[in-house]
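Below is one structure, written out as structure tokens; the observations come after it.
The values are calculated or read from the model by the stated rules, or taken from the named source; none is laboratory data. Just so we're clear, the structure is a prediction, and the values are computed from it rather than from any experiment. Note that we place each Cβ from the backbone using ideal geometry, even for glycine, and neighbour counts take in every protein chain shown.
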Amino acid sequence: KDFRNNVKPNWCPGCGDFSIQAAIQRAAANVGLEPEQLAVISGIGCSGRISGYINAYGLHGIHGRALPIAQGVKLANRELTVIASGGDGDGFAIGMGHTIHAIRRNLNITYIVMDNQIYGLTKGQTSPRSAEGFVTKSTPEGSIESTLSPLEIAMSAGATFVAQSFSSDLKQLTALIEAGIKHEGFSLINVFSPCVTFNKINTYDWFKERVVNLEQFPDYDATNRIAAMNKIMETEGMLTGLIYQNTERKSYEDMIPGFQPEALAKQDLALSQDQFDSLLAEFK
Ligand code: SF4
């Protein structure tokens, strides 16, 4: 089970995205998947390249649209483990409409956001995750917009699995991706992934000084929605670990009446040849 391929990533040396790639590869192996059982769907951005760097099915989609594609893949073939991935601009700006509805829809997909708080591929513009006052070429006087909180949004959208990690903590990140894959529903894993080339504020040291690992709170109950919301707000969104999980709610696939566990391609059409020919004729 080797999820490495022979493509050399062209991320900048030191980019946080390398650890996320390694964590996905390790998590997939640890849960016992074979490469042909995994699909990695990505959007656009430096992070979007990840689908080409993992030995599995991969699709590098279009900007902000990783989730619609991933949901289509999952509906067509429930037997695949589907991971969607992209950056904070991809998922929380242009793709935010899809993100919210994918969260509340609760298909069995793991969504990993590589959150570097800037647009890296286009050489450094303010993203929805940038802090107020953040100076870039697009905000030379400093950003005057408030910072979006993906964890609070996910919780209020009815998420059944919310986690956050830091690319420096490969052990925690791998364990969270494993848990996300095993979760029967939509899992959001936001990962602080420093952009070493364009973001000189939110560096590895900046995150190390600020992240609050949930391990510090042994009595924390990740099944308590109110406690999760409170802890997210108390820590100003810097919490890492498994923040919330609801195993009671069924996945979208399990709620579709009659939806079969096999891939669509393996199912009987349940049509006679005449019915099939007549159906085809409608589209001629
Ligand atoms: Fe990573 Fe930033 Fe380089 Fe993109 S520009 S590869 S996000 S370090």
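Please give the number of the condition Asp2 fails out of (1) touching a helix residue (DSSP H, G or I) at 6+ places or on another chain (Cβ under 6 Å); (2) outside any helix (DSSP H, G or I).
Exception for Asp2: condition (1).
Does any residue in the range 7-18 that is in contact (Cβ under 8 Å) with a residue 24 or more places away in the chain come within less than 7 Å, Cβ to Cβ, of a residue that is of a type in the set (Asp, Glu) and within 8 Å of the ligand (Cβ to nearest atom) six or more places away or on a different chain, and which pairs are these?
Close Cβ pairs satisfying both conditions: Trp11/Asp17.
Quick one: which of Ser193, Ser165, Ser156 is buried (at least 24 other Cβ atoms within 10 Å of the Cβ) and more than 16 Å from the ligand (Cβ to nearest atom)? Give the steps one after another, and end with the answer.
Numbers: Ser193 fails: more than 16 Å from the ligand (Cβ to nearest atom); Ser156 fails: buried (at least 24 other Cβ atoms within 10 Å of the Cβ).
Going through Ser193, Ser165, Ser156 in turn, just one is buried (at least 24 other Cβ atoms within 10 Å of the Cβ) and more than 16 Å from the ligand (Cβ to nearest atom): Ser165.
Got a sec? Which of Arg249, Arg225 is in contact with a Phe, Trp or Tyr (Cβ under 9 Å, 6 or more places away or on another chain) and either touching a residue at least 24 places away in the same chain (Cβ under 8 Å) or surrounded by fewer than 11 Cβ atoms within 10 Å (Cβ to Cβ) (or both)? Show your work before the answer.
Numbers: Arg249 fails: in contact with a Phe, Trp or Tyr (Cβ under 9 Å, 6 or more places away or on another chain).
When all the criteria are applied, what remains is Arg225.
Among the residues of the range 1-50, write down those that are under 18 Å from the mean Cα position of the chain (by Cα) and charged (D, E, K, R).
Listed by number, the residues that qualify are Asp17, Arg26, Arg49.
How many residues does the range 1-23 hold that are within 16 Å of the ligand (Cβ to nearest atom) and out of contact with any Ser or Thr (no Cβ under 7 Å at 6 or more places or on another chain)? Let's see the steps before the verdict.
Residues of the range 1-23 that are within 16 Å of the ligand (Cβ to nearest atom), as a first pass: 7-23.
When the remaining residues are screened for being out of contact with any Ser or Thr (no Cβ under 7 Å at 6 or more places or on another chain), the result is 7-11, 13-15, 18, 21-22.
Final tally of qualifying residues: 11.
Take Leu173 and decide whether it is in contact (Cβ under 8 Å) with a residue 40 or more places away in the chain, hydrophobic (A, V, I, L, M, F, W, C) and touching a Phe, Trp or Tyr at 6+ places or on another chain (Cβ under 9 Å). Outline the logic, then answer.
Working: in contact (Cβ under 8 Å) with a residue 40 or more places away in the chain: yes; hydrophobic (A, V, I, L, M, F, W, C): yes; touching a Phe, Trp or Tyr at 6+ places or on another chain (Cβ under 9 Å): yes.
Answer is yes for this residue.
Yes or no: Ser51 in contact with an Asp or Glu (Cβ under 7 Å, 6 or more places away or on another chain), at pLDDT 95 or above and within 16 Å of the ligand (Cβ to nearest atom)?
no
Which condition does Ala265 not pass, out of (1) surrounded by 11 or more Cβ atoms within 10 Å (Cβ to Cβ); (2) outside any loop (DSSP other than H, G, I, E, B), if it passes all the others?
(1)
Considering (1) out of contact with any Lys or Arg (no Cβ under 8 Å at 6 or more places or on another chain); (2) under 22 Å from Gln172 (Cα atoms), say which one Ser272 fails and leave the rest.
(2)
Only residues in the range 185-201 that are part of a loop (DSSP other than H, G, I, E, B) count as the first member; pair them with residues that are charged (D, E, K, R) and crowded, with 24+ Cβ neighbours inside 10 Å, Cβ under 7 angstrom, at least 6 apart or cross-chain, and list the lot.
Once the first residue is part of a loop (DSSP other than H, G, I, E, B) and sits in the range 185-201, its partners that are charged (D, E, K, R) and crowded, with 24+ Cβ neighbours inside 10 Å give Ser193/Asp17; Ser193/Asp115.
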